[in-house]
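Read the structure below first, then the notes.
Just so it is clear, none of the values below were taken in a lab; they were calculated from the coordinates. This one's a predicted model, so the numbers in the text were calculated from it and none came from an experiment. Ideal geometry is used to build each Cβ from the backbone, glycine not excepted, and the neighbour counts take in all protein chains shown.
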Amino acid sequence: MSEINTLAAFYAFSSGALWLLGSLLFMGFDKVNIQANRWLGAFYYILACTFTQLFLEDFGIGGSFLIHLLELPRWAMLPCLYMAVNSYVSPSLPKKKWFFHFVPFLLFLIFSLVYLMPNLFNEQNDLLPSWIGFIVRYFFFIQTIYYWILCFSLLRCHQKNLKMVASFTEKIDLEWLRYLLISVLFLIFIRILSISNIQATYFSPILYFLGIILLAYSTLTQKSIYAIETYHPAEKDEIAPKKALNERLTPEQVEGLKYIVMRKTVDEKLYLDPSLTLSALSDNIGINTHELSYVLNNGVGKNFYQFINELRTEEAKSLLLSEDTKHLDMFGVAIRAGFNSKTTFYTTFKKATKLTPKEYIKANSEAH
């Protein structure tokens, strides 16, 4: 019995870590992502209640009323995570109809106040008919899977849309949030495993604790997210350019604008600006962002990220073989070519040439 209690103590470690993590987010350790961090902090607080409940149940501490209070906010847990992801992805946009995500929680709260809590005060054990217990248990599981998929879809859509308006995404692609969602999926997997396998139930407190460590690491390594144009969702005419073709630009207009875009961008080497965005380029060329995005997608056949970074790659190829830049290291060449990230430079260069920058230099040196 002492061995089981020792393992169950990891529920307390998980709970304590989550209470601390939620408090850090609410106190504002990041002064930029305030709203998103508060939603994520609420998610961690509710998750902490769950692990506190598991700890108390395993050690037989606390009565039914306390256990019920800790279980009460559970249906709000995943909606809080969804609101956090939504706020990270689009911090400057209003969150419409957010209230509806919490309707199941409010219904359960009302049901609890009217039916469950009076029975708890009267110390009646036959609290729920079996069919209600079944709904409560499995609705939460379905809700968890649904909101995780929703959160992951939001993140994927965000990362895809970024490349339509930004030429540099490493610091704003929310990659840390992807690891956080993977950590949440790990916790879900442990829950499923512990239901179906007795051995997994025995070791689940330790596995949960490892998942919480991953959550904490992902959260504390987040980068500040500023409300800039790169976080606005892509417009419908950017997502469905074929439909917009008949509404916005004719093929002749596309070709004409394509010529202007290429001439201005290449001749004036606008791509050398490492902070270049879709809106900055559209202002320089003199057309609006939707038309520029449309011309790039349909006329050039590339999104903004591909278009600009391929031009930078061509610049880098010239710089790598130039005698004037022999004194520069690879990062120096990347900066001179317009990149502000070595990762983007290497990835784009390798994709375009099938060679690393050093391999490219060697191959061209041997050719001469």
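Data for the structure
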quantity	calculated
Sites LEU272 and ILE206 - FRET efficiency at Förster radius 41 Å, r taken between beta-carbons, to 0.05	0.20
Qualifying trypsin sites (Lys or Arg not before Pro) for segment 72-114 [loop in DSSP, other Cβ within 10 Å: at most 15]	LYS95, LYS96, LYS97
Added length on full extension, which subtracts the Cα-Cα distance from 0.36 nm per residue, ILE110 to TYR179	21.3 nm
FRET efficiency, 1/(1 + (r/R0)^6) with R0 35 Å, evaluated for ILE213 and TRP98 via beta carbons	0.70
Charge dipole magnitude, Cβ of K and R +1, D and E -1 - segment 236-367, Cα centre, debye nearest 20	460 debye
